[in-house]
1. Rounded, prolate or oblate for region B:83-292? Axes are the square roots of the Cα gyration tensor eigenvalues, ordered a ≥ b ≥ c, and the cut-off for rounded is a/c under 1.5.
2. Could you list A:78, B:240 in order of exposure, starting from the residue whose Cβ has the fewest other Cβ atoms within 10 Å?
3. Please compute the modelled spin-label separation between residue B:148 and residue B:277, points set 7 Å along Cα→Cβ, answer in nm with one decimal.
4. Using the Cα atoms as the points, what is the convex hull volume per residue of region A:160-253 in Å³?
5. Which whole number gives the average count of other chain Cβ atoms within 10 Å of the Cβ atoms across peptide B:115-124?
6. If R0 is 51 Å, what FRET efficiency do you get for residue B:14 and residue B:117 from their C-beta distance, rounded to 0.05?
7. How many partner chain Cβ atoms sit within 10 Å of a residue's Cβ in peptide A:140-151, on average, as a whole number?
8. For region B:163-249, what is the relative contact order in percent, using Cα pairs closer than 8 Å and at least 6 residues apart in sequence?
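Just so it is clear, none of the values below were taken in a lab; they were calculated from the coordinates. Computed from a prediction, not measured in an experiment: that's the story for all the values here. Cβ placement follows ideal geometry from the backbone for every residue including glycine, while neighbour counts extend to all protein chains displayed.
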């Protein structure tokens, strides 16, 4: 009798154990991710300034936010940055992957060189590029000391061009990774189809345009999702490279949120900007994750 | 989806091949450039840099910038160098990586081998959490750490990194265990093996490759994190990235570029070493996680 009760308890434990093991992580997620998201979104409708406060102000923070020229600059910069960063990384990654896929000697070595920037912190990347692009000691100075005295390259100090230096450093950091994604995609393509097409006299250009690149759709999609999510989150690179300057020329939503929340004591507006960032990422990620998860069922 | 060494069927002419090699070489130079600049200028006296010699090899070789960056450079208000912050980072990274990897392995195991109703939704919730912009959690997290008495501590940072890292580790282990034969598990169950015994005896022994991936991923991300360090660290728990930024952005005194470069290399060294030693697994894992999903 006692024995069966014991066995019964054991079976019941075994059915509960998996859920029990999963529950701490799930609880952490529900509180620290979803609970916090609700809290932040709620704050964006309150009059919080230095500290969270719960006086409801409706959409006031949002209407204030969209009237701020500082936010407008951040959004415009985000547009320019994301467009160029995603575009250049994809183009460069695909081109380099195709080149590297031509039975290249020393492929492994080249791949290592292309990929190592991924391992670095954006603060390190930012520091290196900051001084390399600095007109006083970097490229401009070097070129002038080599005799090209009229050489000028002051983009990092020029508010019209500084955002492009952020693009440059970010592309440097991630394009190798995108290359690896496309390379993996290329290696997954069936050679037999290519051989058949070659037999029919298709040129290399047409092979890539008509057969290979269309087959890389999943790699394009993953690259786009990862790059757009990295673009929206870009924060440390700007801090290290330009500090958001000169002036506000390289402010992005992430740096805007940080300075409004923590240095300007406009927490309500900061929370509103964070909410907009979340919505943007959700608009990209949710359809992607939904499709991915449904496929797997 | 590892990068196999299989070649394409594409045939190219000699001139095309020369051009391809040229382009590949030029890009190799582009990717090496910042590293070259950092290394070369970290062993030069300052006047060689300011005199327009940034691209030149050092005329006088000196390791003083390294010594200074490590032990005596002014960071914030104290002339401590980067060394205390290096250890802060270690103290934060090691437990955070260990805890998040163990949790990820267990979660992956449950989500693939002990499926239950709504498990896909649970996984979806965990997965989406990987991709949120962290700005959305900064304010409540600061408040929560304060309430828990963890504000400004290394333990607080460990908690933060575990919470926002466990999604990725779960994703890795889940994808890895998904292709592990479920028959083996069923057979062991019939033999009377329980939940933990199956995990310990059957899944864990073959989890080496994915554990390496998870550890490398977490190590790189946490070591390189700046946002959480800058937002939640106190004076004696600041990680390396925050200290490096303080060193480089300091507005007082002469800008010691050589010390900045040496500091940047010191901050990059752990992750670079990991990448060089175990990079193959890293790439393979990233592919498995992102392309296959």
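1. Prolate shape, in that a/c is at least 1.5 and a/b is the bigger ratio.
2. With the sparsest Cβ surroundings first, the list reads A:78, B:240.
3. 3.0
4. Looking at region A:160-253, the number lands at 105 Å³ per residue.
5. Taking all residues of B:115-124 together, the mean is 3.
6. In this case the efficiency is close to 0.25.
7. 2
8. 26
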